[in-house]
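**Student:** Here's a structure for you.
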Amino acid sequence: MESMIFDMAERLFRDHVNHGLREAAAGGQCPEALWTQIEEAGLHMALVPEADGGFGVPASEALGLIRIAGAHGLPLPLAETLVANAVLARAGLTLPGGRLTIAEGGSLELTRSGKALHAKGHLPIVPFARWADRIVTIAAIDGTDHVLSLPVKDLSIAPGQDLAGMPRDDVEVDLALTEADAAPLSRSFGGSQSADVMRGLGALSRSLAMAGAMESILTMSVEYANDRVQFGRPIGKFQAIQQYLATMAGEASASRVAAEMAADSYDTPTFALAVAAAKSRTGEAAETIGALAHQVHGAIGYTQEHALHHFTKRIWSWRDEFGSELDWTRDLGRAALTSPHDTFWHFITDSTAQGAPA
């Protein structure tokens, strides 16, 4: 099944996601037609259990779609919609279809009037908010976590963008919620606390997307080094460039392994620790790979006409979303210091280590 889903996504993105599409999206044009094709293929439902209308594939396989989307620089909220649908299904809420996005809901205040809930607060830097139909988040009231499905048409949106030109909008919420918009979350993901669920799931999605994008940056750099001739031979023959490419390959490989290990831990007790390791590792690699890729490409890599900047700008933006590597390494440090293991070596080699919640 993994090969079938991945092949479907690869064909779809290879045929439709190109430099022109990414340029248009960075200019504010949402690729509606491509989203229709994604929905027709059912890719946005891959992380949803089969009983709720999903594919019924292991979560790690469904999450692999995010890596593929990152590798193509997909300018649409597929990662966010995958996560949002999974969270909605976990809470027993209706899956609304369309483009969804996610946000950390810790700043929202929930109040109750009879059976009705009212949500009020500010959601900063929400990915693709103005291109989405609903924002899915989690907030607590009376000690109970609630999943909220917020219709974007009823919210106040202040447009913004990230380095790659993708929508990153500030959202003001002041909304009465119906039973179709909110439901208690009876079982969290991997035991994470409510304030951390969306942060962890968002960090996982960014880790996978960065891993995919960095593999594409490496491929582009190798191809350019083999094609660009200087002093009578390809620049890839020069030892300095070979060293750059070898370093990039190591960083990309380590990032993919870390991200896929986090995907394998989805909804398990080790999720928090695995995500912390993945987000910190991929974030660190993003700085190295982005810098070396532009060294290899020289000035051409900075031009609008070249595709490289679409990918380097994405990884530089993603490294700071849902917690930077500094934030996540602090979580790793806290987990190590509070570990019941006798030695640090036992902590880092125990695959069942849970640490502190992410």
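The values are calculated or read from the model by the stated rules, or taken from the named source; none is laboratory data. Remember, predicted model here, so these are calculated numbers, not experimental data. Positions of Cβ are backbone-derived with ideal geometry, glycine not excepted, and every protein chain shown enters the neighbour counts. Just so you know, the surface numbers come from the protein's heavy atoms only, side chains and all, with ligands and any DNA or RNA stripped out. Shrake-Rupley method; radii C 1.70, N 1.55, O 1.52, S 1.80 Å.
**Student:** Taking a quarter of the surface of the Cα convex hull of region 41-197, what do you get in nm²?
**Tutor:** Across all orientations, region 41-197 yields a mean hull projection of 9.1 nm².
**Student:** Right, here's the next one. Give, in nm to one decimal, the length gained when the segment between Ser253 and Ser324 is fully stretched (0.36 nm per residue of separation minus the Cα-Cα distance).
**Tutor:** Going from the current span to full extension adds 23.6 nm.
**Student:** Find how much the distance from His19 to Glu179 grows on full extension, using 0.36 nm per residue of separation minus their present alpha carbon separation; answer in nm with one decimal.
**Tutor:** Residue separation times 0.36 nm, minus the Cα-Cα distance, leaves 53.3 nm.
**Student:** For region 29-125, divide the Cα radius of gyration by the Kirkwood radius and give the resulting Rg/Rh value with two decimals.
**Tutor:** My calculation puts Rg/Rh at 1.02.
**Student:** Please report Rg over Rh for region 117-173, where both radii come from the alpha carbon positions and Rh follows the Kirkwood definition.
**Tutor:** Rg/Rh: 1.01.
**Student:** Ignoring ligands, DNA and RNA, how do His297, His306 rank by accessible area with a 1.4 Å probe, largest first?
**Tutor:** Working: His297 5, His306 40 Å².
Final ranking, largest accessible area leading: His306, His297.
**Student:** Here is a follow-up. If you average over every viewing direction, what projected area does the convex hull of the Cα atoms of region 79-140 give, in nm²?
**Tutor:** Computing the convex hull of the Cα atoms and averaging its projections yields 4.5 nm².
**Student:** Might you tell me the accessible area per residue for region 1-43, computed with a 1.4 Å probe and given in Å²?
**Tutor:** Result: 54 Å² per residue.
**Student:** At 1.4 Å probe size, what's the solvent-accessible area of Leu108? Round to the nearest 10 Å².
**Tutor:** Result for Leu108: roughly 20 Å² accessible.
**Student:** Roughly what would the spin-label model give for Thr303 and Phe231, points 7 Å off Cα along C-beta, in nm?
**Tutor:** 2.4
**Student:** Still on this structure: Please state the Cα pair-distance histogram of region 221-345 with 10 angstrom bins from zero: what percent is in each bin?
**Tutor:** With a bin width of 10 Å, the distribution comes to 12, 34, 28, 16, 8, 1, 0.
**Student:** Work out which helices of the chain, taken as complete DSSP H runs, extend at least 30 Å along their axis over the Cα atoms and score a mean Kyte-Doolittle of -1.0 or more, then list them.
**Tutor:** For the chain, where a helix must reach 30 Å along its axis and average at least -1.0, the hits are 194-227, 239-264, 271-297.
**Student:** How large are Rg and Dmax for the chain when only the alpha carbon atoms are used, in Å?
**Tutor:** Reported Rg and Dmax, both Å: 20.7, 79.
**Student:** Percent of Cα-Cα pairs per 5 Å bin, from 0 to the last occupied bin, for region 140-287, please list those.
**Tutor:** 2, 9, 12, 13, 13, 14, 12, 8, 6, 4, 3, 2, 1, 0, 0
**Student:** Still on this structure, I have one more. Which percent of the accessible area of the chain is formed by carbon and sulfur heavy atoms (probe 1.4 angstrom)?
**Tutor:** Carbon and sulfur together cover 52 percent of it.
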